[in-house]
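A quick write-up on the structure given underneath.
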Ligand code: SF4
């Protein structure tokens with residue numbers, strides 16, 4: 001049994017909220033740099049250069065990479081041999097978000113009720129997912145999600161007969177409809193299988209994998225490559241102004257499902273694909 | 001084609017701007033996004049006056065991050081314009097001359113732009129740090145309770161945009 005104080009969780013979440021909004025992970029940064037070399041449209045190249053410059057300014061002038069610093073999605077993988085002392089874990093995480101968004105000069109983008117829409121003014125509550133895992137550690141992943149791209153995401157309940165062709169079509173149509181709204185070049189998370197909510201969660205998790213890190217399952221890896229190629233053939237391009245780089249990564253997660261179903265979730269993310277992980 | 005324009009924007013100037021042109025804007029811009037649009041729309045329905053004049057002006061669909069000490073504004077890139085489509089035709093009828101955002105507009109907006117000789121610009125989404133450097137002044141002038149969604153009067157210098165849709169209905173998101 002290992003004891004972890006809730007204040008450690010709060011502090012970690014706070015720091016991660018700030019760091020992730022000012023600096024992209026190295027894999028994402030590298031993927032964007034490589035995109036510049038592949039882009040064939042002159043305007044597209046120019047846009048990608050602006051994004052590179054934007055990241056430089058963000059780091060140097062301490063300005064968030066994007067003004068939409070997101071709704072804060074947090075994945076908590078809690079070892080079953082951990083005991084948390086202090087505050088209720090959910091409060092500890094939200095307190096971290098509250099402090100991070102205040103001290104980090106991040107935007108408060110959350111409304112307390114979906115219909116009456118009054119801003120909560122501290123970006124809480126976050127969307128927190130808990131998972132109990134073996135071991136005595138807590139692994140925290142903070143992944144703020146911008147809504148320009150979130151709004152373009154979809155869950156599609158396919159039929160088993162639709163098979164892999166149906167999955168491809170669902171992904172391509174979703175990306176096409178997302179277009180410029182999702183601030184391309186995009187990163188795409190796909191969840192296949194499970195139930196309605198499970199595939200959505202898998203799609204979100206897929207976005208927290210390293211960009212273009214391929215699946216271990218051979219057919220899934222093939223599908224990831226094929227889809228990425230086809231998406232880049234759509235012509236949407238950087239900022240949606242046309243070009244050959246529409247997405248820099250596509251990750252798929254799969255899981256068992258029901259005999260009657262083939263749920264597919266497509267979580268669209270923009271080039272500001274933010275995620276950071278820490279282990280306590 | 002490249003243009004450097006100074007605000008206010010006249011209809012003659014709007015007519016010269018064609019989809020795909022590069023434009024650098026200097027002068028006053030007003031920021032307003034979802035919640036501010038809803039309020040303006042409701043004000044107009046009630047016959048009230050708006051908190052700022054729309055005639056020959058540009059609305060920038062943007063809600064910034066808070067600026068630090070010594071910064072005019074925080075990150076300040078465009079938000080998705082399509083969410084404002086419901087409210088836009090009515091603002092165009094009030095004399096609004098231009099909008100800055102990202103993504104496609106509805107048929108209603110494009111035809112309202114034709115009728116009223118207005119232009120729709122796209123700024124690069126997700127380049128909020130870069131764009132903030134072109135904003136030299138920022139002041140909340142209405143709906144302060146909306147936080148980031150309050151209306152701000154901005155002074156921009158060489159703010160870089162691309163004409164996404166012109167007053168003749170040409171749309172860069174369609175041409176490619
Ligand atoms: S979609 Fe992404 S890059 Fe675009 S405005 Fe939203 S968070 Fe920023």
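Read-outs throughout are calculated quantities, based only on the coordinates presented, and are distinct from any laboratory measurement. Predicted model, so just to flag it, every value in this text is computed and none were measured. Note: ideal-geometry Cβ built from the backbone for every residue, glycine included; neighbour counts use all protein chains shown.
Quick notes on this one:
- Spacing of the two label points (7 Å from each Cα toward its C-beta) at residue A:33 and residue B:93, in nm: 5.4 nm
- This ranking places A:6, B:111 by how few other beta-carbon atoms lie within 10 Å of each, fewest first, which gives B:111, A:6.
- Rounded to the nearest 0.05, the FRET efficiency derived from the C-beta distance between residue B:6 and residue A:61 at R0 = 22 Å is 0.25.
- Residues of region A:236-278 with amide N under 18 Å of the 7 Å Cα→Cβ point at residue A:162: A:252-268
- Theoretical FRET efficiency, 1/(1+(r/R0)^6), r = Cβ-Cβ of residue A:7 and residue A:277, R0 25 Å, to 0.05: 0.80
- Those residues of region A:125-156 whose amide nitrogen sits under 17 Å from the label point placed on residue A:210, 7 Å along Cα→Cβ: none
- Packing rank of A:183-191, A:103-111, B:7-15, A:122-130, where each peptide gets the mean count of other beta carbons within 10 Å, highest leading: A:183-191, A:103-111, A:122-130, B:7-15
- Projecting label points 7 angstrom from Cα along Cα→Cβ for residue B:145 and residue A:139 puts them 4.6 nm apart.
- Think of it as helices only: each DSSP H run of n ≥ 4 in the protein assembly as shown is worth -39500 (n - 2.57), and spread over all residues that comes to -10000 deg cm²/dmol at 222 nm.
- Of interest is the spacing of the C-alpha centroids, which for region B:1-22 and region A:71-111 amounts to 47 Å.
- Per-residue Cβ neighbour counts within 10 Å put A:157, B:1, B:99 in the sequence B:1, A:157, B:99, beginning with the fewest.
- Rounded to the nearest 0.05, the FRET efficiency derived from the C-beta distance between residue A:222 and residue B:111 at R0 = 30 Å is 0.10.
- Modelled label positions at residue A:127 and residue A:259, each set 7 Å beyond Cα in the direction of Cβ, lie 3.3 nm from each other.
- Cβ crowding within 10 Å ranks A:75, A:196, A:116 as A:116, A:196, A:75, fewest other Cβ atoms first.
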